[in-house]
Amino acid sequence: MDPTDTARPDRYWRAAEPKPSYEAVVVGGGGHGLATAYELAARHGITDVAVLEKGWLAGGNMARNTTIIRSNYLWDESAAIYEHALKLWEGLEEELGTELQFSQRGVMNLSHDVGDVRASKRRLHANRLNGIDAEWLEPDDIVEICPIVNISPDLRYPVLGATFQRRGGTARHDKVAWGYATGADRLGVDIVEHCEVTGFDLDGGRVHGVETTRGTIHAEKVALVAAGHTSALTDMVGLRLPLQSHPLQALVSVLLEPVIDTVVMSNKVHVYVSQADKGELVMGAGIDPYIGYGQRGSFHVIEHQMAAAVELFPIFAHAKLLRTWGGIVDVSPDASPILGLTPIDGLFLNCGWGTGGFKATPASGAVFAATIARDEPHPLARPYALERFTTGALIDEHGAAAVAH
Ligand SMILES: Cc1cc2nc3c(=O)[nH]c(=O)nc-3n(C[C@H](O)[C@H](O)[C@H](O)COP(=O)(O)OP(=O)(O)OC[C@H]3O[C@@H](n4cnc5c(N)ncnc54)[C@H](O)[C@@H]3O)c2cc1C
């Protein structure tokens with residue numbers, strides 16, 4: 001069938017029954033897990049692979065995120081992996097042979113005080129040194145690109161300028177998941193939904209497979225890509241991870257005529273917005289402060305986020321809320337992912353992407369698959385090893401790279 005057809009996505013791939021044994025098992029059927037399976041098959045000739053998903057394909061954070069893509073992170077290690085991702089995004093529709101509504105509409109990060117301006121310019125210079133496109137916008141430039149931003153000096157947090165990455169933008173997240181699933185399926189990967197991993201088969205410091213709600217599955221390589229639920233899985237093998245799972249919520253307005261054709265983010269007042277092609281304003285804020293696994297948020301975050309949005313974009317006072325939702329994100333102490341090997345042979349880890357992993361999806365899959373195939377960290381994964389929390393070689397992106405996403 002034509003993969004660009006928008007008919008039911010479960011017709012894109014086979015609903016596979018789990019086999020008793022695979023060369024590799026990927027736990028988690030979100031974007032990162034599906035990209036990993038696709039890359040294992042497409043790039044490393046490892047096609048005897050199952051993706052095990054406890055719910056339905058891409059029912060987790062993948063289809064709950066607000067789809068912002070950018071690569072203008074501060075630290076060299078982050079810039080390297082996110083820019084690798086952006087370059088892959090730029091060829092992904094061709095690679096997967098499907099339309100993903102990838103749109104390089106630009107991403108703007110507003111600055112509201114002198115400290116903000118300095119931090120933003122520091123990041124801008126760091127980006128340029130890493131060959132990443134980055135521009136500084138004065139308030140007049142901002143309204144030229146996005147006329148609805150309020151640049152009045154009377155604001156509680158006046159807009160003093162912004163960084164702008166023109167190559168940043170958005171993509172249609174569910175299509176990305178379906179595209180990877182379809183590609184992986186074509187190459188022979190089994191995608192097994194409603195199959196929860198409930199335990200591990202461990203012997204002599206090595207993994208031999210997983211216990212699931214659909215029976216035992218043998219595999220000498222087991223890759224954990226379960227986003228907010230990864231630490232629940234590693235607890236089963238006695239591996240404590242420095243991760244906290246928090247709800248992160250977002251919302252959309254009712255359909256409106258196009259008013260904003262870029263992405264605008266503000267760290268200070270903590271809100272960000274883009275407009276979906278069909279007209280919804282897509283808005284998000286920071287994580288809920290408590291730890292939890294309920295996929296819902298709280299009203300006080302929405303209230304704070306809306307107050308910030310209406311101050312920055314007065315026209316939004318006319319918008320009506322259509323729906324809100326939440327996902328569960330895994331936040332590490334330095335706000336950077338954990339990617340690589342574990343002390344257990346054959347067990348691999350890809351987690352801790354927190355609030356900003358969608359943009360990394362293609363690179364996460366590529367780098368993780370190479371790590372699994374070669375039993376050694378891909379060069380871009382090396383700095384993201386679990387050991388950094390004992391060596392102290394942290395990649396501190398908390399606050400460093402502007403707003404969470
Ligand atoms: C509201 C919100 C907004 C966001 N906005 C952005 C954004 O604008 N830009 C950006 O870059 N990132 C954003 N993110 C973050 C991004 O969505 C995540 O970092 C990323 O999706 C994580 O990777 P994933 O897609 O594989 O995770 P998921 O899609 O969550 O995949 C993990 C899967 O593992 C499955 N699983 C869990 N436990 C088990 C088990 N025991 N057995 C089998 N399967 C299991 C889950 O059901 C789930 O489907 C946002 C997240 C949220 C919640």
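The values are calculated or read from the model by the stated rules, or taken from the named source; none is laboratory data. Quick caveat: nothing in here was measured; it's all calculated off a predicted structure. Every residue, glycine among them, receives a Cβ derived from its backbone with ideal geometry; neighbour counts consider all protein chains shown. Heads up: the accessible areas ignore ligands, DNA and RNA and are worked out on the full protein's heavy atoms, side chains in. Shrake-Rupley method; radii C 1.70, N 1.55, O 1.52, S 1.80 Å.
I'd like the carbon and sulfur percentage of the solvent accessible area for region 198-327, probe radius 1.4 Å, heavy atoms only, ligands and nucleic acids excluded.
Roughly 56 percent, rounded to a whole number.
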Cα-based Kirkwood hydrodynamic radius, region 59-100, one decimal, Å:
11.8 Å
MRE, 222 nm, helices only [DSSP H, n ≥ 4, -39500 (n - 2.57), over the chain, to nearest 500]:
-8500 deg cm²/dmol
Accessible area of region 328-376 with a 1.4 Å probe: how many percent of it is carbon plus sulfur?
46 percent
Estimated D of region 57-175 in µm² per second, where Rh is the Kirkwood radius over Cα pairs and Stokes-Einstein applies at 4 °C, 1.567 mPa s
83 µm²/s
Give the distance, in whole Å, between the Cα centre of region 288-324 and the Cα centre of region 36-68.
30 Å
Nearest 5 percent is fine: what portion of the DSSP beta bridges confined to the chain is antiparallel?
70 percent
Compare the Cα positions of Leu96, Val49, Tyr73 along the charge dipole of region 14-147 (+1 at Cβ of Lys, Arg; -1 at Cβ of Asp, Glu; about the Cα centre) and return the one farthest towards the positive end.
Val49
Over region 236-293, what is the relative contact order in whole percent, taking alpha-carbon pairs under 8 Å and six or more residues apart?
43 percent
Of all accessible heavy-atom area on region 18-98, the percent that carbon and sulfur account for (1.4 Å)
51 percent
Mind jotting down the three principal axis lengths of the chain based on Cα atoms? Whole angstrom, largest first.
65, 50, 38
Kirkwood radius from Cα pairs of region 203-330 plugged into Stokes-Einstein at 25 °C, 0.890 mPa s, gives D in µm²/s equal to 142 µm²/s
Over all directions, the average projected area of the alpha-carbon convex hull for region 146-206 comes to how many nm²?
10.8 nm²
Relative contact order (%) - criterion: Cα under 8 Å, at least six apart; region: the chain
23 percent
In whole µm²/s, the translational diffusion coefficient that Stokes-Einstein assigns to region 99-228, given a Kirkwood hydrodynamic radius over C-alpha pairs, 10 °C and 1.306 mPa s, equals 82 µm²/s
Among the lysines, which have Cα under 21 Å from the Cα of Lys221 when same-chain residues fewer than 8 positions away are ignored?
Lys19, Lys54
Write down the radius of gyration of region 256-317 and its Dmax, each obtained from C-alpha positions, in Å.
12.6, 37
Give the residue from Ile315, His125, Met62 lying farthest towards the positive end of the charge dipole for the chain; charges sit on Cβ (+1 for Lys and Arg, -1 for Asp and Glu) and the dipole is referred to the Cα centre.
Ile315
Over region 173-279, what is the relative contact order in percent, taking alpha-carbon pairs closer than 8 angstrom and at least six residues apart?
13 percent
With unit charges on the beta carbon (Lys/Arg positive, Asp/Glu negative), name the residue among Gln305, Thr262, Val331 whose Cα is farthest towards the positive pole of the charge dipole of the chain.
Gln305
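Over all pairs of distinct alpha carbons, what does the Kirkwood formula give as the hydrodynamic radius of region 333-405, in Å?
12.7 Å
Computed over the Cα atoms of region 181-250, what is the convex hull's projected area averaged over all directions, in nm²?
Values: hull surface 26.3 nm².
Value for region 181-250: 6.6 nm².
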Mind putting a number on the dipole of region 261-405 about its Cα centre? Charges go on the C-beta only, +1 for Lys and Arg and -1 for Asp and Glu, and I need it in Debye to the nearest 20.
300 debye
Whole-Å distance linking the alpha carbon centroid of region 86-132 with that of region 338-382 is 22 Å
The alpha-carbon pair-distance distribution computed for region 242-400, with 5 angstrom bins and whole-percent values, is 2, 8, 15, 17, 16, 13, 11, 8, 6, 3, 1, 0
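Give me the dipole magnitude in Debye, nearest 20, for the chain about the Cα centre, with unit charges on the beta carbon: positive for Lys and Arg, negative for Asp and Glu.
Taking the Cα centre of the chain as origin, the dipole is about 360 debye.
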Listed residues Gly199, Gly357, Gly115, most fluctuating in the chain (Gaussian network, C-alpha, under 10 Å):
Gly115
Average accessible area per residue (Å²) across the chain - probe 1.4 Å, nucleic acids and ligands excluded
40 Å²
